[in-house]
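Structure, as structure tokens:
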Amino acid sequence: MSTAITARIAEGVLSIPAADWDACAGTDNPFLSHAFLAALERSGSVGGRSGWQPLPVVVDGNDGKPAAIAPAYAKAHSQGEYVFDHAWADAWQQAGGEYYPKLQVAVPFTPVPGPRLLLRDAAYGPALIAALESVTRGSQLSSAHATFIAPDEVSAWEAAGWLMRAGTQFHWHNHGYADFDAFLGALASRKRKAIRKERAAAVEGLTIRHLAGAEITEAHWDAFWAFYQDTGSRKWGRPYLTRSFFPLLTEGLGDRVLLILAYRGDRPIAGALNLVGADALYGRYWGATEDVPFLHFELCYYQAIEAAIARGLQRVEAGAQGEHKLARGYAPVTTWSAHYLPNRNFRSAVAEFLEREREAVAHEQEYLGELTPFRRG
């Protein structure tokens, strides 16, 4: 590797050839693919007035092609991140500073762990982190944040001196189950009976359909858009994604897009959107136009488990938060983010907070681990 490292800020994911991007990102995690991130830009879900301005940071290799890329965004707010720093923003602004814009290294609106250092050549990892720091200081930004980093990246960010923040998600793990009944067999009898009762109540009078890739039509997306709008308006005030994003997703990712719909007769009343990775099924969005008890659990958790088992996947990641997932076979796991704060006083205060928070998260996870429904001994 040349000792002279040149980094640049690209004008969005669309400005980088798909083959060059994916050579760095790999194919394991669909959210980091050029197809997914470009669909966000093409649909207007990011850019414009969204508060997410795509500014990928790129380090080129000796061959003139990207050797390392960080999916970075200039953020005008803290929405759609799922790692909450509103208190940090308030403290910085009360001290007379401008917290926004900040630099966010993330997949917008997506609390899915994965690489944030997209490396065709691993030797360029430290240079990419240094480039992010340089962009932050050179643009006089308050901070830079790499959220939901892959566990095997933690040491790289720590070595660079970024502050580490721990969080909790709930993932289902496939221990070689042949089918859903085999999974239920691993649970305590009372929990097993509760899930069977819950599933029966959820699907009474309904038909569940799994649709992938080209099977998903505009009519299906119209129905899902209604579900998504309802959920988005209640959770966030307005949906993050635009209607045009969804067909772009199937256009770019094909059968890696899995839509699970619940029908009453010929009418879809609820749906859950999933993406299929190399070893995981990722549940993303859900919504319904009819209130059916337990249907959320059926579509988002149980149907996802069945789909993962059928595909031989190792786990299901069903989104952020949700202790209610514990009773349904999902276990607590640690998620990580990394934070760069150039101001020494600000960094010191945040570092103390994060140390206390990490201890609390560890204690909470130890407690939650005792609440899983699996048979003991």
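Name every residue in the range 359-371 that is within 23 Å of the chain's Cα centre (by Cα) and either more than 22 Å from Tyr330 (Cβ to Cβ) or open to solvent by less than 40 Å² (accessible area, probe 1.4 Å) (or both), in order of residue number.
Val361, Gln365, Leu368, Gly369
Kindly check whether there is at least one residue in the range 23-32 that is open to solvent by 50 Å² or more (accessible area, probe 1.4 Å), more than 30 Å from Arg238 (Cα to Cα) and either without any contact (Cβ under 8 Å) to a residue 24 or more places away in the chain or not β-branched (Val, Ile, Thr) (or both).
Within the range 23-32, one or more residues are open to solvent by 50 Å² or more (accessible area, probe 1.4 Å), more than 30 Å from Arg238 (Cα to Cα) and either without any contact (Cβ under 8 Å) to a residue 24 or more places away in the chain or not β-branched (Val, Ile, Thr) (or both).
Among what's in the range 193-214 and is among the charged types (D, E, K, R) and touching a residue at least 24 places away in the same chain (Cβ under 8 Å), pick the residue that is most open to solvent (accessible area, probe 1.4 Å).
Restricting attention to the range 193-214, the residues satisfying the condition of being among the charged types (D, E, K, R) are 193, 196-199, 204, 209.
From the residues that got through so far, the ones that are touching a residue at least 24 places away in the same chain (Cβ under 8 Å) too are 198-199, 209.
Working: Glu198: 21, Arg199: 38, Arg209: 96 Å².
Step by step, filter the range 193-214, then rank; the result is Arg209.
Can you tell me which residue within the range 194-209, out of those that are of a type in the set (A, V, I, L, M, F, W, C) and closer than 17 Å to His324 by Cα, is farthest from the chain's Cα centre (by Cα)? Even if it seems obvious, please write down each step before you answer.
Kept after step one, since they are of a type in the set (A, V, I, L, M, F, W, C), are these residues of the range 194-209: 194-195, 200-203, 206, 208.
Okay, now just the ones that are also closer than 17 Å to His324 by Cα, so 194-195, 202.
Working: Ala194: 29, Ile195: 27, Ala202: 27 Å.
Ranking the qualifying residues of the range 194-209, first place goes to Ala194.
Could you please find all residues in the range 300-344 being within 21 Å of Asp152 (Cα to Cα), in contact with a Gly (Cβ under 9 Å, 6 or more places away or on another chain) and open to solvent by less than 40 Å² (accessible area, probe 1.4 Å)?
Leu313, Val316, Glu317, Ala318, Gly319, Ala320, Ala331, Pro332, Thr335, Ser337, Tyr340, listed by residue number.
Scan (1) surrounded by fewer than 12 Cβ atoms within 10 Å (Cβ to Cβ); (2) assigned to a helix (DSSP H, G or I); (3) touching a strand residue (DSSP E or B) at 6+ places or on another chain (Cβ under 9 Å) for the single condition Gly161 breaks and write down its number.
Single failed check for Gly161: (2).
Looking at the range 274-284, is at least one residue open to solvent by 30 Å² or more (accessible area, probe 1.4 Å), closer than 30 Å to Ala188 by Cα and within 16 Å of the chain's Cα centre (by Cα)?
yes
Give, as residue ranges, the strands (runs of 3 or more DSSP E) completely inside the range 277-377 that count at least 1 residues that are of a type in the set (Gly, Ala, Ser) and at pLDDT 95 or above.
Counting at least 1 such residues, we get 280-288, 331-340.
The values are calculated or read from the model by the stated rules, or taken from the named source; none is laboratory data. Small disclaimer: the values here were computed from a predicted structure and weren't measured. Please note: Cβ atoms are built from the backbone with ideal geometry, for glycine as well, and neighbour counts cover all protein chains shown. All accessible areas refer to the heavy atoms of the entire protein, side chains included, with ligands and DNA or RNA removed. Shrake-Rupley method; radii C 1.70, N 1.55, O 1.52, S 1.80 Å.
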